[in-house]
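K.L.:
One structure is given below, represented as C-alpha cells, and several questions about it will come after.
Values in this text are rule-based calculations from the coordinates and carry no lab data. Please read these numbers as outputs of a predicted model, since none were measured by experiment. Virtual Cβ from ideal backbone geometry, glycine too; neighbours counted across all protein chains shown.
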Amino acid sequence: NAGVMQNPRHLVRRRGQEARLRCSPMKGHSHVYWYRQLPEEGLKFMVYLQKENIIDESGMPKERFSAEFPKEGPSILRIQQVVRGDSAAYFCASSLWGVKSNQPQHFGDGTRLSIL
Amino acid sequence: TQLLEQSPQFLSIQEGENLTVYCNSSSVFSSLQWYRQEPGEGPVLLVTVVTGGEVKKLKRLTFQFGDARKDSSLHITAAQPGDTGLYLCAGAGTGANNLFFGTGTRLTVIP
C-alpha cells in the first residue's frame, strides 16, 4: 500500500502528557499537510510542510503544538501538555506539488486522539 | 479565512432517488475538490475542478464548478446505499498554501 500512512490510529493520553503523531507521505510526495477534525465537522488546516521546512503554520496554535518533516523519516505533529480540548481526529495529507499547482491532496486514515 | 458552506448538512433519501449537494462561498477559489469520507477513515478524493463552469462526470456523480469559481455542486443520480458517507468540498484559495474545507454533508441512502 503506497498511500499516506499515519500512526498510531488511536492514541490515549492523560492531561499534561505529550502526544506524538506520525505521518509517512505517499512515495515521491514532498508536501505534507496536517488537519484537525472534530466530530461532525469539516477539516481545519493546521500546518503545511515541505521537506525540512515549515511553509505555513497559520492554523496551528502557537502554544504546545509543533510540527516537523525531517530529511529522513516521517512528519511528526507534537502536542505538549495535552488538554481535553485537544481530543480530535488528526489527519495528514500529502501531495506531489503544493496547493497552488492544484495538485490533489491524498489523506491518511488519521490518528484519533483521546485525552482522559 | 475563506469559508465554504455546504447544504444540506444532513440528507436521508431512498435508494434510487436523485440528490444535489451544494458548496457555496463568497470567495474565489483557484480549484475545488470533492471528497467522500467514511467513519474511521480519511477523506478520499472524488474529483478536482479548476475552470469556471467546468462539469465533470464520474459514473452517477456529476460535479459542477460555478462560473465565478465561488461555488460548486455535486449531483448524484439513482443513489445507492454505497453512496452513504460524509461529502466534503475543499477549495484552494488564490495564493493560499492550504485547502479550506466545507462543513460537510452527511448522506444516508436507505435500501
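K.L.:
From the phi angles alone, apply the Karplus equation (6.51, -1.76, 1.60; θ = phi - 60°) to the stretch A:74-82 and give each ³J(HN,Hα) in whole Hz, x where the residue is Gly or Pro.
P.N.:
These are the phi-based 3J(HN,Hα) values: x, 7, 10, 10, 10, 10, 8, 6, 4 Hz.
K.L.:
Another one. Once phi is turned into θ = phi - 60°, what whole-Hz ³J(HN,Hα) does the Karplus curve with 6.51, -1.76 and 1.60 give for every residue of the stretch B:97-105, x standing for Gly and Pro?
P.N.:
Ordered by residue, 3J(HN,Hα) equals 9, 9, 8, 9, 8, x, 6, x, 10 Hz.
K.L.:
Then there is this: Along Cα→Cβ, 7 Å out, is where each label goes; now give me the distance between the ones at A:Q50 and B:F10 in nm to one decimal.
P.N.:
According to this spin-label approximation, the distance is 4.3 nm.
K.L.:
Tell me, what is a quarter of the convex hull surface for the C-alpha atoms of chain B, in nm² with one decimal?
P.N.:
Its Cα hull, projected and averaged over all orientations, spans 6.5 nm².
K.L.:
Continuing with the same structure: Say R0 is 25 Å: what FRET efficiency, to the nearest 0.05, do A:Q80 and B:T103 get from their beta-carbon distance?
P.N.:
The value I calculate is 0.25.
K.L.:
Right, another one. Evaluate E = 1/(1 + (r/R0)^6) for A:R64 and A:S30, where r is the Cβ-Cβ distance and R0 equals 25 Å; express this FRET efficiency to the nearest 0.05.
P.N.:
0.40
K.L.:
Pop the C-beta distance of A:R9 and A:S87 into the FRET formula with R0 = 22 Å and round what comes out to the nearest 0.05.
P.N.:
0.90
K.L.:
With a cap of 16 neighbouring Cβ atoms within 10 Å, and only residues DSSP puts in a loop, list the GluC sites (Glu not before Pro) found in the stretch B:1-56.
P.N.:
In loop regions of the stretch B:1-56 (DSSP not H, G, I, E or B), the sparsely surrounded GluC sites (Glu not before Pro) are B:E15, B:E17, B:E41.
K.L.:
Per residue of A:37-48, count partner chain C-beta atoms within 10 Å of its C-beta, then hand back the mean as an integer.
P.N.:
5
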